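Report on the structure given below.
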Amino acid sequence: MKQISDTFHFGSAICGNGAMLYDLRTEKVLEEWLVPVETQFEITKRLREVMPMVSFAVEINNTFHREKIYVPRWDAGLDNVGVDVAEDAMTAPALKILARCSNGELSSDQMLAIATPVLAGVATVTHSNPHDSLLEIAALGVSKGETLAMMAGRAGIAADDCVSFGDNPNDFSMLEWAGRSWAMGDGHADGPKHAKFVAQPHNHDGVAIVIEKLLELPA
């Protein structure tokens, strides 16, 4: 969030698929909704039973822990050798658990279809890239939509006065809640089912086009 903070210098950001509220002015975490330790163990137990090839990483106390067999997509985690099993690192509440099929045997959509019923009533599971093999797991009931609704309610702002854009399943709850929501034209195929409108693809300035039109509306 450092680059965004340096650019805007105001407001707050919902991060971690709704699990964190971050102050862009002070660059501090204001609130977090974390996965309890006992729930983390239950999540890994259930997913290992239905996806034996799965590996895990976990974000705890602003630190990224990964299993040795978990292959990070980005630089985070490459500078440590990892742990044998993620459960060894689950010593405090977690912002997010990541579940990956590093061999690419299953797509993110396939993994989500398997994990959703398995984790029902235990945690919120989603993904942000249909071309990967990765699930993102948060505390039960935590999502971008839930946190956005909470923050808007605190500010006295109704859903009809909120605008959202999204391209993947981790955005769907937000698209459903906001009164004016746009699924990206080059996003996940299911996006239009959850949004009110569809924006042009991102490489055609889809978000900018919509914002420019909204700014033309009377105050």
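Please treat every number below as a calculation from the coordinates, not as lab data. For clarity, every value in this text was computed on a predicted model and none was experimentally measured. Counting neighbours? That spans all protein chains shown, and the Cβs are built from the backbone with ideal geometry, glycine included.
Assuming charge only on the beta carbon of Lys and Arg (+1) and of Asp and Glu (-1), the dipole of the chain about its Cα centre is about 160 debye to the nearest 20. Kirkwood analysis of the stretch 37-139, using all unique Cα-Cα pairs, places the hydrodynamic radius at 13.4 Å.
Please work out the FRET efficiency for the pair Thr26 and Thr91, using the Cβ-Cβ distance as r and a Förster radius of 45 Å; give the result to the nearest 0.05.
Once rounded, the FRET efficiency stands at 0.95.
Given the stretch 143-219, what whole percent of its Cα pairs are spread farther than 17 Å? Percent of Cα pairs beyond 17 Å in the stretch 143-219: 44.
With the simple spin-label model, which puts each label point 7 Å out from Cα in the Cβ direction, the Asp161 to Val122 separation comes to 4.1 nm.
Can you list the residues of the stretch 39-59 with backbone N under 11 Å from a point 7 Å past the Cα of Leu140, pointing along Cα to Cβ? Zone members listed by number: 39.
Between Pro52, His65, Trp33, the Cα set farthest toward the positive side of the dipole of the stretch 4-95 (charges on each charged residue's Cβ, about the Cα centre) is that of Pro52.
At a 10 Å Cβ-Cβ cut-off, how would you order Met150, Met184, Met1, fewest neighbours first? Numbers along the way, then the final one.
On the way: Met150 15, Met184 22, Met1 12.
Ranking Met150, Met184, Met1 by Cβ neighbours within 10 Å, fewest first, gives Met1, Met150, Met184.
Projected over every direction and averaged, the convex hull enclosing the alpha-carbon atoms of the chain yields 12.8 nm². Remark: the Thr63-Glu38 segment gains 7.1 nm on full extension, using 0.36 nm per residue and subtracting the alpha carbon distance. Candidates Ser164, His127, Val210 compared by Cα position along the dipole of the stretch 122-219: farthest toward the positive end lies Ser164, with charges placed on Cβ.
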